[in-house]
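Taken together, the values in this text are just the output of simple stated rules run on the coordinates, not laboratory data. These numbers come from a predicted model, not from an experiment. Every residue, glycine among them, receives a Cβ derived from its backbone with ideal geometry; neighbour counts consider all protein chains shown.
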Amino acid sequence: MCLALVLLTLIAIDIGRGSSLAAASEIPSFDRVRVLDAPRSFSDVELVDQNGESALLTDLHGRVAFVFFGFTNCPDVCPLAMVRFRQLYSSGLVDTDKVAFVMISVDGQRDTPQALKSFLAEYSSDFIGLTGDPAAVRPIAKQFSAYFFKGNESDGNYTVSHSPQAFVVDPSGRVRAELYSASTEAMAGVANALLVEHATASN
């Protein structure tokens, strides 16, 4: 079993009670959603997208971004995370022009842009894949409070253990919530609350 599943089970004991804390503004409380006490800022980093082009995290500004740290060879948690993203994307509950869905690879050794593109094609051609040297990804993952490490390698085969949660980044580029297998409705509720907040602040 992937270590991420074990971590998810342990965390869900607490998160599953629907405990959400009020952040800088009122985001509704949802089951399996942890709203941060205060927005979490992070440094920008230059990575490569699934088209082989340079990409910055600041390119996401102006949209709510659902961000997941995973890898294309993941047997369980990553495909499930992408399915949840796809369900929200196709649900009609959010304005997809104002919401981005991003997977940042924790396995830059194998996750080439083409590998990411093939993986994401199973879910949506509009999803964003970002990859780079794990040494470059690790500091940004830590700022999100995501962690990963490579397992023992044998004959070129290995797995990567990683944090299971997805993160919600507001249009100003701050992490505002963590999702632990949250429902489509919960994800939409958080995204729409952040979009309303951003529109109100812009007026």
**OP:** Can you give me the number of residues within the stretch 94-134 that are among the hydrophobic types (A, V, I, L, M, F, W, C) and surrounded by fewer than 17 Cβ atoms within 10 Å (Cβ to Cβ)?
**Re:** 1
**OP:** Please work out which residue is nearest to residue 120 (Cα to Cα), limiting yourself to the stretch 34-44 and to residues that are of a type outside the set (Asp, Glu) and either free of Cβ contacts under 8 Å to residues at least 24 places away in the same chain or touching a Leu at 6+ places or on another chain (Cβ under 6 Å) (or both).
**Re:** 35
Subject >> Subset of the stretch 149-203 that is of a type in the set (S, T, N, Q), part of a loop (DSSP other than H, G, I, E, B) and out of contact with any helix residue (DSSP H, G or I) (no Cβ under 9 Å at 6 or more places or on another chain) - its residue that is nearest to residue 40 (Cα to Cα) >> reply: 203
**OP:** Among residues belonging to the stretch 138-148 that are closer than 26 Å to residue 98 by Cα and part of a loop (DSSP other than H, G, I, E, B), point out the one that is nearest to the chain's Cα centre (by Cα).
**Re:** 146
Original post:
When you look at residue 143, is it surrounded by fewer than 20 Cβ atoms within 10 Å (Cβ to Cβ), touching a residue at least 60 places away in the same chain (Cβ under 8 Å), farther than 17 Å from residue 51 by Cβ and not hydroxyl-bearing (Ser, Thr, Tyr), yes or no?
Top reply: yes
Original post:
How about the stretch 62-95: which of its residues are over 18 Å from residue 49 (Cβ atoms) and among the β-branched types (Val, Ile, Thr)?
Top reply: 64, 77, 83, 94
